[in-house]
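Participant: My questions all concern the structure below.
The values are calculated or read from the model by the stated rules, or taken from the named source; none is laboratory data. Computed from a predicted structure; not experimentally measured. When we count neighbours, we look across all protein chains shown, and the Cβ atoms used for this are built from the backbone with ideal geometry, even at glycine. Each accessible area value is taken on the protein alone, full model and side chains, heavy atoms only, with ligands, DNA and RNA left out. Shrake-Rupley method; radii C 1.70, N 1.55, O 1.52, S 1.80 Å.
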Amino acid sequence: MTPMELAHCTLFSLSSSPKLCINPQKIIRSLNINHISPHSTSISTGSLLNSRTPRLLMANARETSAEIETSVTERQAQTTRFEIFPGNPMPFGAVARDGGVNFAIYSGNSVSATLCLITLSHLQQNIITEEISLDPLINKTGDIWHVFLKGNFDDMVYGYKFDGPYLPEKGHYYDSSRIILDPYAKAVISRGNYGELGPEGNCWPQMAGMIPSPNDEFDWQGDLPLKHPQRELIIYETHVRGFTMHESSRTECPGTYLGMIEKLDHLKELGINCLELMPCHEFNELEYYSYNSAMGDYKMNFWGYSTINYFSPMIRYASSGIRNCGREAINEFKLLVREAHKRDIEVIMDVVFNHTAEGNEKGPILSFRGTDNCVFYMLAPKGDFYNYSGCGNTFNCNHPVVREFIVDCLKYWVTEMHVDGFRFDLASILTRGSSLWDAENVYGSTAEGDMLTTGTPLGVPPVLDMISNDPVLCRVKLIAEAWDCGGLYQVGVFPHWGIWSEWNGKVHLLSFFLVDFYYRDMVRLFIKGTDGFAGAFAECLCGSPNLYKDGGRRPWHSINFVCAHDGFTLADLVTYNNKNNLANGENNEDGENHNNSWNCGQEGEFASISVKKLRKRQMRNFFLTLMVSQGVPMIYMGDEYGHTKGGNNNSYCHDNDINYFRWDKKEAASSDFFRFCHLMTKFRSECESLGLNEFPTSERLQWHGHLPDRPDWSETSRFVAFTLKDLVKGEMYVAFNTSHLPANVTLPNRPGYQWEPLVDTSKPTPFDFFSDDVPQRERAIQQYRHFLEANFYPMLSYSSIILLLKPDVDADAYFTP
């Protein structure tokens, strides 16, 4: 019998040939399938391959007649836990099907593979329950190892061992003594509780993947995608643990998916219709675990931008932890999505496909590195890791295997977990050429040039092409952080296929002097009263047509934000001129030095009453700017009540009050700044003109200065005003005075109509926003009457206003015969 014939044979079941009992160990040795089970019974050899091909086995039986025995009893004694079949190379991962589980994994440069099955109790003891060595003739198709098992998988998890060259200078890190996590594992099982060390104080205890069950179900209760038009979104960036971990949240399961569900009504009240979750893929919060003498506690990887596995939700964000091998954790995440959808809130995930937790050559071998390091990472010719991420390695996104992996992962989260879109961290890395890039290999032609240096930006990156044209993914929200740590800055020029939006972020150091205006820093500079940015600020209000119009995009391709997780909070932006990162234990050397912030006259939280009033005014100015700008506004968690991190602009390592949402502070601000934010988001959602599908033109929008129709775009201008026609609200007048001096503003004359104040950020609450429930509202508005009748409005320094055009009732009465 030839080896190829043997590769397609199967052992008979006892019922198919009661008179023959083949010595299973002889056959197993010929198939190179081992049964290593020092701590439990051996794996069944009762059915190794497809029982529909018995004739080849009969031939083998005839050729090895000397090895045939007649004792049925001996045959039965060998049968224990699992039946083994060749399996299928697709789909990747562990998949429950046909009464068993199919395991398939890519590893192109390994010479052998072993499937390791481990009970939960053995996992804690670093014991392998069962090992099944896979034969390259039977269990390998191309570069994919695979096997199909039938048996009892209760409380079992799995991993792999790969053998091959350990040659870092060639990019290979195979180590047959290590259990490798399947990149396609749907749940990662290790430690069950957030922040707790593993056995013997181990920060990196053994990890393994959940083995799926055909009984894994979740009641979606008819949940369907919300499909909000992107121009209507108001995004809220939040952290699952930080959102409810503070004791003032009073949630039953603080710091978890369930805890967040308890607080979703807060987002609904705020006017949020899109929740952007900071990384919820499996990561190790103990990655930076070390004593921090500055705080007297331990540093943690709190933000989570260091992924271990892209399919698994962060297990320790679930109240259930590793219970039921992570199945309950998966359902908790699904429950969060379902309950958010019930409140008309979409869920977007922050994904980190630019690097992994395995770091550089000194990092741990966890998953991708032990599977096929030179495929999953960008490597130099001598095996060094390219570091465009700033975190030690760079994911090899445009390699054919890796880009298929990324697309599979995204589709899983959309179809199985019902998420509505993704924000891609350091997304410019997805545009870089992979290691040993060869356009002819990828495209079938040399359209992109011949050989390109690894990491070269590509005009048509294959991974983005696949995502953008995938029939599932092309309909979800796709948001790029269009830069990376290698100096590639693509805000406004990111490959987009008409569907990608961008974080309209920081000023590029070179383009700062080339009049390219980016939302975050342009708004910061103008609102704090810096000369020379009136024109740039106006561009931002219009949705940044300077960045997006020529590329065929629209205002909603701009994700507008003033603050995000990295950098100052909104309250700190108006409280600190300088970062205060001493709490990080790095001598204040980490974090961004150029924040374009202004402390309003005194540094730190302890300031005079007048300074504190000005700070609140500036916070209202920033928030109003967000809400009246074309594009998609994004709010950072806690800014709605004025959360402070004490001037820390890089709080990545703090699992404490620095990063915890303070629900007690929110309650205290409920009638103050939170009220203002709530009313501004409500106003935006009610206005047809503040989420335009096209850039505004002169038919809708007119610019003004201190006098109507005379805007001042000079270098010294600190005043910008415009009128905007709205099909719902009528016409509105919006003005910003960022000078240290008050301004007397002449309003556009509209015969038969009169301007009525709606917002004035210089006024104390509740008169900063004249909602219908303001006590003595009409009397308060009447105080403006003598100004407005003269088409005049006095603006204080550092203030902004919104006026609405209303019919002049007195004028109608005067002219009535």
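Participant: Take the residues in the stretch 113-130 that are open to solvent by 10 Å² or more (accessible area, probe 1.4 Å) and assigned to a strand (DSSP E or B); name whichever of them is farthest from residue 165 (Cα to Cα).
Facilitator: Across the stretch 113-130, the extreme among qualifying residues is 119.
Participant: Let me ask something additional. Which condition number does residue 598 fail, the rest of (1) open to solvent by less than 60 Å² (accessible area, probe 1.4 Å); (2) at pLDDT 95 or above being met?
Facilitator: With respect to (1) open to solvent by less than 60 Å² (accessible area, probe 1.4 Å); (2) at pLDDT 95 or above, residue 598 is out only on (1).
Participant: Take residue 110 and decide whether it is polar (S, T, N, Q), touching a strand residue (DSSP E or B) at 6+ places or on another chain (Cβ under 8 Å) and crowded, with 23+ Cβ neighbours inside 10 Å.
Facilitator: Here the answer is yes, as residue 110 does meet what is asked.
Participant: Among residues belonging to the stretch 176-206 that are among the aliphatic types (A, V, I, L, M) and within 25 Å of residue 403 (Cβ to Cβ), point out the one that is surrounded by the fewest Cβ atoms within 10 Å (Cβ to Cβ).
Facilitator: Step one: list which residues in the stretch 176-206 are among the aliphatic types (A, V, I, L, M), which gives 179-181, 185, 187-189, 197.
Next cut, within 25 Å of residue 403 (Cβ to Cβ) only: 180-181, 185, 187-188.
Numbers: 180: 27, 181: 27, 185: 28, 187: 25, 188: 29.
Out of the qualifying residues, it is 187.
Participant: Can you spot a residue in the stretch 780-799 that is assigned to a strand (DSSP E or B) and open to solvent by 10 Å² or more (accessible area, probe 1.4 Å)?
Facilitator: Yes, because at least one residue in the stretch 780-799 is assigned to a strand (DSSP E or B) and open to solvent by 10 Å² or more (accessible area, probe 1.4 Å).
Participant: Which pairs have Cβ atoms under 6 Å, sit 6 or more apart or on different chains, and link a residue in the stretch 262-282 that is in contact (Cβ under 8 Å) with a residue 40 or more places away in the chain to one that is assigned to a strand (DSSP E or B) and acidic (Asp, Glu)?
Facilitator: 274/346; 276/237; 278/350; 279/350
Participant: A follow-up question, please. Could you run through the stretch 527-549 and say how many residues are surrounded by fewer than 24 Cβ atoms within 10 Å (Cβ to Cβ) and in a loop (DSSP other than H, G, I, E, B)?
Facilitator: So the count comes out to 7.
Participant: For the stretch 382-412, name all the residues that are open to solvent by less than 10 Å² (accessible area, probe 1.4 Å) and closer than 19 Å to residue 357 by Cβ.
Facilitator: 389, 393, 394, 395, 396, 397, 402, 405, 406, 409
Participant: Related question: So, in the stretch 267-318, how many residues would count as being open to solvent by 10 Å² or more (accessible area, probe 1.4 Å) and of a type in the set (D, E, K, R)?
Facilitator: 6
Participant: I would also like to ask the following. Report the residue count in the stretch 601-618 for those that are open to solvent by less than 20 Å² (accessible area, probe 1.4 Å) and either under 31 Å from the mean Cα position of the chain (by Cα) or under 16 Å from residue 765 (Cα atoms) (or both).
Facilitator: Qualifying residue count, the stretch 601-618: 2.
Okay, residues lined up against (1) in contact with a His (Cβ under 9 Å, 6 or more places away or on another chain); (2) over 17 Å from residue 627 (Cα atoms); (3) among the aromatic types (Phe, Trp, Tyr); (4) not in a helix (DSSP H, G or I):
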residue	(1), (2), (3), (4)
551	yes, yes, no, yes
559	no, no, no, yes
562	no, no, no, yes
572	yes, yes, no, no
575	no, yes, no, yes
578	no, yes, no, yes
588	no, yes, no, yes
591	no, yes, no, yes
597	no, yes, no, yes
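Per-residue answers, yes or no, for (1) in contact with a strand residue (DSSP E or B) (Cβ under 7 Å, 6 or more places away or on another chain); (2) open to solvent by 50 Å² or more (accessible area, probe 1.4 Å):
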position: 642; (1), (2): no, no
position: 646; (1), (2): no, no
position: 652; (1), (2): no, no
position: 657; (1), (2): no, yes
position: 664; (1), (2): no, yes
position: 673; (1), (2): no, no
position: 712; (1), (2): yes, yes
position: 716; (1), (2): no, yes
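Participant: Does residue 154 count as acidic (Asp, Glu) and touching a residue at least 40 places away in the same chain (Cβ under 8 Å)?
Facilitator: no
Participant: Considering each residue of the stretch 154-175, count those that are at pLDDT 95 or above, farther than 22 Å from residue 384 by Cα and either surrounded by fewer than 23 Cβ atoms within 10 Å (Cβ to Cβ) or basic (Lys, Arg) (or both), and give that number.
Facilitator: Residues flagged as at pLDDT 95 or above, farther than 22 Å from residue 384 by Cα and either surrounded by fewer than 23 Cβ atoms within 10 Å (Cβ to Cβ) or basic (Lys, Arg) (or both) within the stretch 154-175 amount to 2.
Participant: At pLDDT 95 or above and part of a loop (DSSP other than H, G, I, E, B), is that true of residue 635?
Facilitator: Working: at pLDDT 95 or above: yes; part of a loop (DSSP other than H, G, I, E, B): no.
Here the answer is no, as residue 635 does not meet what is asked.
Participant: Return yes or no: is residue 575 within 26 Å of the chain's Cα centre (by Cα) and of a type in the set (S, T, N, Q)?
Facilitator: No.
Participant: Then there is this: Tell me, which residue of the stretch 249-266 that is of a type in the set (A, V, I, L, M) and closer than 20 Å to residue 677 by Cβ is surrounded by the fewest Cβ atoms within 10 Å (Cβ to Cβ)?
Facilitator: 264
Participant: Can you find a residue in the stretch 327-347 that is farther than 22 Å from residue 221 by Cβ, touching a Lys or Arg at 6+ places or on another chain (Cβ under 6 Å) and of a type in the set (D, E, K, R)?
Facilitator: Looking through the stretch 327-347, none of the residues is farther than 22 Å from residue 221 by Cβ, touching a Lys or Arg at 6+ places or on another chain (Cβ under 6 Å) and of a type in the set (D, E, K, R).
Participant: Taking residue 625, is it touching a Ser or Thr at 6+ places or on another chain (Cβ under 7 Å) and either modelled with pLDDT under 95 or among the β-branched types (Val, Ile, Thr) (or both)?
Facilitator: It is false that residue 625 is touching a Ser or Thr at 6+ places or on another chain (Cβ under 7 Å) and either modelled with pLDDT under 95 or among the β-branched types (Val, Ile, Thr) (or both).
Participant: Also, quick follow-up: Name every residue in the stretch 579-595 that is more than 27 Å from residue 529 (Cβ to Cβ), open to solvent by less than 60 Å² (accessible area, probe 1.4 Å) and not acidic (Asp, Glu), in order of residue number.
Facilitator: 583, 584, 585
Participant: Here's a follow-up. What strands (runs of 3 or more DSSP E), lying completely within the stretch 161-279, carry at least 2 residues that are touching a helix residue (DSSP H, G or I) at 6+ places or on another chain (Cβ under 7 Å)?
Facilitator: 208-210, 274-277
Participant: Restricting attention to the stretch 340-373, and to residues there that are over 14 Å from residue 283 (Cβ atoms) and out of contact with any strand residue (DSSP E or B) (no Cβ under 9 Å at 6 or more places or on another chain), which single residue is surrounded by the most Cβ atoms within 10 Å (Cβ to Cβ)?
Facilitator: 343
Participant: Specify the residue that is least open to solvent (accessible area, probe 1.4 Å); the eligible residues are those in the stretch 694-710 that are among the polar types (S, T, N, Q) and over 36 Å from the mean Cα position of the chain (by Cα).
Facilitator: Restricting to residues being among the polar types (S, T, N, Q) and over 36 Å from the mean Cα position of the chain (by Cα), the top hit is 702.
Participant: Quick check: is even one residue across the stretch 432-444 of a type in the set (Val, Ile, Thr), over 25 Å from residue 203 (Cβ atoms), at pLDDT 95 or above and open to solvent by 10 Å² or more (accessible area, probe 1.4 Å)?
Facilitator: No, the conditions are met nowhere in the stretch 432-444.
Participant: Test residue 805 against the criterion of being out of contact with any helix residue (DSSP H, G or I) (no Cβ under 8 Å at 6 or more places or on another chain), surrounded by 15 or more Cβ atoms within 10 Å (Cβ to Cβ) and part of a strand (DSSP E or B), and give yes or no.
Facilitator: Criteria met by residue 805.
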